[in-house]
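A short write-up of the structure that comes next.
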Amino acid sequence: VNTIVDQFSDDDGWVSLGQLGDQLGKRLPDFDVRNYGYRKLSPFLKSMGVYEFDERANASGAKAMYLRIKES
């Protein structure tokens, strides 16, 4: 996951959850968060405690979740 975040993040380290999910599906087609007891990707990633999250609205008002690796 961190490799994808590093590769696709903006200058501040943020990547959209949608893009992260797309890339996970392409790189790890057998990966499924349901195997870890989660229904969605965001709660699974939040449970790891290594990412910070930000919900943003785009120009049309639709909300999108972004994440980046927490600074240590």
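A short reminder: the numbers here are calculations on the coordinates, not readings from a lab. These numbers come from a predicted model, not from an experiment. Using ideal geometry, Cβ is built from the backbone for each residue, glycine included, and neighbour counts are taken over all protein chains shown.
Remark: the residue 71-residue 8 segment gains 20.9 nm on full extension, using 0.36 nm per residue and subtracting the alpha carbon distance.
Between residue 22 and residue 48, the modelled labels are 1.9 nm apart [label points 7 Å from Cα along Cα→Cβ].
If R0 is taken as 30 Å, the Cβ-Cβ distance between residue 64 and residue 30 corresponds to a FRET efficiency of 0.70. Using only side-chain charges placed at the Cβ, +1 for Lys and Arg and -1 for Asp and Glu, the dipole size of region 14-72 relative to its Cα centre rounds to 120 debye. Placing unit charges on each Cβ (+1 for Lys and Arg, -1 for Asp and Glu) gives the chain a dipole about its Cα centre, and among 33, 49, 20 the Cα reaching farthest toward its positive end belongs to 33.
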